[in-house]
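K.L.:
One structure coming up, written as structure tokens, with questions to follow.
Just so it is clear, none of the values below were taken in a lab; they were calculated from the coordinates. Quick caveat: nothing in here was measured; it's all calculated off a predicted structure. Cβ sites come from the backbone with ideal geometry, for glycine too, and all protein chains shown count toward neighbours.
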Amino acid sequence: MKNQLTKADSPKKITVIGFGLMGAQISQVISLAGYRVLAYDVDSKRLQSGLSLIRSGKYGLENSVRNNRISKESAENALSKISTSESLEDVLSGADFILEAVVEDLDTKRGIFLKASQIASKEAVLASNTSTISITKIAAVLDPASKKRLVGMHFFNPPQIMKLVEIVRTEDTGVEIIEKVREVAVELGKTPVTVLDYPGFVANRIGISVFMEASDILSKGIASVRDIDISMRLGYGYPMGPFELGDLVGLDSRLRNMEALYDETKEERFKPPELLRKLVSEGYLGDRGSKTESKGGYYEYFGLERPSKEIGK
Ligand SMILES: NC(=O)c1ccc[n+]([C@@H]2O[C@H](COP(=O)([O-])OP(=O)(O)OC[C@H]3O[C@@H](n4cnc5c(N)ncnc54)[C@H](O)[C@@H]3O)[C@@H](O)[C@H]2O)c1
């Protein structure tokens, strides 16, 4: 598939490493903003399934055209800007903006950035979409000049819908790198915030804390999932309650984030609730688009109707 690399024509390009759920969906956002995407995944099947997700996933191009969010021409144009490759060297050579979205594993991410620091342009932005791994820990294997170019660029799922990007800086990240990531995030239609590398960064750390408290209230029989969600919508102006949000982002992914935060901090307040573990082990994975079979989330488990969209609007 190497020869596909020349087919798109935009001068701006981003190299995406890891073409799973996030890598593929972010690639859709990038290409719709007019950039070329050069995507690599160690598993060639993920290159195919990633393209299918972009075409016909829940938040994919076909549905966006159907819902009049974009024109058919924009969708076709976006798709034509995405090239895939089975060669990491090919996508890295000459790259000046690398966004890593591989599996959440420190050594795998270190390996990718080590290689990127050796092959890509010496000015290239080295950005990681990790949700839970310390950017400083990834940077530990890099030489001092490359450390300055390593930064977190944390999108939220589904990135086609969620507007936030956390730019995660280490003590070493250069200001020009933060500025470049900020510019790109804005061009992608996102609102960036800059945060210092810290377990859970900002949004997940607070979001998980709210979810923990909601789970505690639920376990004590104080209120139902639905009434807790409605309380946060109407009492605090949240667009979505903690359980609805958990279902939306995926309960397996929520559990992984919580386990990582707990491992990193060893603070009891981040220890994943037993009920969440039970739901995930029984196949209640929430709403995962076309990625996995799921029995649904908290609402399906308790046989409750979701609060209508109008509540809190
Ligand atoms: N899923 C979410 O809700 C979410 C949200 C924000 C950020 N993230 C972060 O995004 C990253 C990816 O998560 P995901 O949910 O897309 O996972 P995923 O499992 O869907 O995709 C990971 C991909 O990485 C690939 N991969 C593994 N090793 C690789 C290697 N050495 N080189 C290239 N590709 C490799 C896998 O084949 C797979 O396609 C993680 O760091 C995660 O923390 C996830």
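K.L.:
Once Lys and Arg get +1 and Asp and Glu get -1 on their Cβ, which of 219, 186, 127 lies farthest toward the positive end of the dipole of the chain?
P.N.:
Positive-most Cα among the choices belongs to 186.
K.L.:
Which entries of 137/271; 13/180; 72/180; 163/278; 190/295 show an alpha-carbon separation above 25 angstrom in the structure shown?
P.N.:
72/180; 163/278; 190/295
K.L.:
So which GluC sites (Glu not before Pro) in the stretch 230-313 end up in coil per DSSP with only 10 or fewer other C-beta atoms within 10 Å?
P.N.:
Answer in residue order: 267, 282, 293, 305, 310.
K.L.:
What is the distance in Å between the Cα centres of the stretch 227-273 and the stretch 173-216?
P.N.:
That distance is 16 Å.
K.L.:
Which value, in debye to the nearest 20, gives the size of the charge dipole of the stretch 203-302 about its Cα centre, when Lys and Arg are +1 and Asp and Glu are -1 at the Cβ?
P.N.:
Roughly 60 debye for the stretch 203-302.
K.L.:
Right, next: Indicate, rounded to the nearest 5 percent, the antiparallel portion of the DSSP beta bridges found entirely in the chain.
P.N.:
Approximately 15 percent, going by the DSSP bridge assignments.
K.L.:
Something else: Please give the helix 106-119 orientation as an angle from the longest Cα principal axis of the chain, in degrees from 0 to 90, rounded to the nearest 10.
P.N.:
The helix 106-119 is inclined about 20 degrees to the chain.
K.L.:
Mind checking the stretch 107-189 for trypsin sites (Lys or Arg not before Pro) that DSSP puts in a loop (not H, G, I, E or B) and that have at most 14 other Cβ atoms within 10 Å?
P.N.:
Sparse-neighbourhood loop trypsin sites (Lys or Arg not before Pro): 122, 163.
K.L.:
A follow-up question, please. Which of 89, 62, 73 moves the most in a Gaussian network model of the chain with Cα springs under 10 Å?
P.N.:
Among 89, 62, 73, the largest GNM mean-square fluctuation belongs to 73.
K.L.:
Hey, another quick one. Would you list, by chain and number, the aspartates and glutamates whose Cα falls below 19 Å from the Cα of residue 122, excluding same-chain residues fewer than 8 positions away?
P.N.:
Counting by Cα, and skipping residues close in sequence, residue 122 has these aspartates and glutamates nearby: 89, 90, 96, 100, 143, 172, 176, 179.
K.L.:
While we're looking at this one, here's another question. So how tilted is helix 251-265 from the main axis of the chain? Cα-based, degrees 0 to 90, rounded to 10.
P.N.:
80
K.L.:
Here is a further query. Using +1 at the Cβ of each Lys and Arg and -1 at the Cβ of each Asp and Glu in the chain, identify which of 117, 151, 80 lies farthest towards the dipole's positive end.
P.N.:
Comparing the listed Cα positions along the dipole, 80 ranks first.
K.L.:
With charges only on Cβ, +1 for K and R and -1 for D and E, what is the dipole size of the chain about its Cα centre, in debye, rounded to 20?
P.N.:
580
K.L.:
At most 14 other Cβ atoms within 10 Å and a DSSP loop assignment: could you name the GluC sites (Glu not before Pro) in the stretch 96-159 that fit?
P.N.:
Here the GluC sites (Glu not before Pro) that fit, given the DSSP loop and packing criteria, are 123.
K.L.:
Find which of 198, 39, 142 sits farthest along the positive direction of the dipole of the chain, computed with +1 on the beta-carbon of Lys and Arg, -1 on that of Asp and Glu, about the Cα centre.
P.N.:
Comparing the listed Cα positions along the dipole, 39 ranks first.
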